[in-house]
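Comments concern the structure below.
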Amino acid sequence: MTQAWASGEAGLPIGVFDSGVGGLTVLRALRADMPGENFIYLGDTARLPYGTKSAQTVVRYSLQCAAALIQRGICCLVVACNTASASALDALRAHHPSLPIIGVIEPGAQAAVTASVSQHIAVIATEGTVGGGAYEAAIHRFNPDARVTSRACSLFVSMAEEGWTEGPIAEAVARRYLDPIFRSDDAPDTLVLGCTHFPTLAAAMRAILPKHVSIVDSAATTAAAVLHRLHGATAMHAASGTSESPLPTTLGGVRWLATDGATRFARVGSAFLGETLHADAIEIIDL
């Protein structure tokens, strides 16, 4: 169970926001990589999904989420939402130039380019993220010659929230989405999970994909980017086995904020976080 929030015991917390519960996969990866850190997580559940909103609206919502977290005191902001990362990252950095701000798209794109031998990369995401071309643009910033095949897999979002993440149904839907991409003569060798809901379905995808295909989890790559940004030297020493001060094994605290629906947030979010959330621990705020 998540430990109680203990403000100030380990310095300022890391702020994380998403339109709902999908960003909890990012928080889960962050806590695994930085177990001693405290976090504040904000799910803007009253206004989800962001993917159907205009870019201007997403920027406005994102600035409001950031302001709410900054008001409570944070050392870093993680935008754990693909739509907000695509539309609002520049505006957030312009409004808060001294605050480290990290989105989910750039780390995933960089990891995909690094992982791919053929430089033919597949990206699956929601319709809004695919339509905006944010991953394709980010991948091309790291390698202009890379080829990107994108596909919207919107049903995965509903399946993740319903808990249908493993077994014959999940694998059948994964096969329907992915076979046209990966069962061709010129198939990609790398798959980017371009939605924070999708890591919960990774096992089903792995079961139907060719064995040589690398899966890039944007939640894990974002956590690695945050770790490097905040604890670069420590992270490098730990990776090489030379750290004299190993990372703590006791999980830090999480303060939970949402804009609506504490009961549903706790129920659905528990599957994404991998541990039980309780509705009475979630503070409902107005943005």
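By the count of neighbouring beta-carbon atoms within 10 Å, fewest first, ARG229, ARG31 end up ordered ARG229, ARG31.
Roughly what angle does helix 24-33 make with the longest principal axis of the chain, taking Cα atoms, 0 to 90 degrees, to the nearest 10? Helix 24-33 sits at roughly 80 degrees to that axis.
Using just the helices of the chain, give the 222 nm mean residue ellipticity in deg cm²/dmol: DSSP H runs with n ≥ 4 each add -39,500 (n - 2.57), and the total is spread over all residues, rounded to 500.
On the way: 11 runs with 132 residues, N = 287.
Computed ellipticity for the chain at 222 nm equals -14500 deg cm²/dmol.
May I ask for the angle, rounded to the nearest 10°, between helix 55-71 and the longest principal axis of the chain, with both axes built from Cα atoms and the value confined to 0 to 90°? Compared with the principal axis, the helix lies near 30 degrees. Placing unit charges on the Cβ atoms of the charged side chains and taking the dipole of the range 106-218 about its Cα centre, the candidate lying farthest along the positive direction among PRO210, ALA109, THR165 is PRO210.
To one decimal place, what orientation-averaged projected area in nm² is obtained for the convex hull of the Cα set of the chain?
Working: hull surface 59.1 nm².
Orientation-averaged projected area of the Cα hull: 14.8 nm².
Fewest-first ordering of LEU63, LEU209 by other beta carbons within 10 Å of each residue's beta carbon gives LEU63, LEU209.
Between ALA46 and HIS95, what length in nm is gained on full extension when 0.36 nm per residue of separation is reduced by their alpha carbon distance?
On the way: separation 49, 0.36 × 49 = 17.64 nm, distance 2.38 nm.
Net length gain for the segment: 15.3 nm.
Between helix 105-115 and the chain there is an angle of about 50 degrees, using the helix long axis and the longest principal axis of the Cα atoms.
Local charge for LEU99 was computed over the other residues whose Cβ lies under 12 Å away, with Lys and Arg +1 and Asp and Glu -1, and equals +2. Percent of Cα-Cα pairs more than 20 Å apart in the range 106-218, please. Of all Cα-Cα distances in the range 106-218, 33 percent exceed 20 Å. Of all the options PHE272, PHE182, PHE198, the one that moves most in a Gaussian network model of the chain with Cα springs shorter than 10 angstrom is PHE182. A straight chain from SER270 to SER118 at 0.36 nm per residue would run longer than the Cα-Cα distance by 51.0 nm.
Read the figures in this text as sums done on the coordinates, not as results from a lab. This structure is a prediction, so every number in the text was calculated from the model and none was measured. Because the Cβ atoms are built from the backbone with ideal geometry, glycine has one as well, and the counts that use them run over all protein chains shown.
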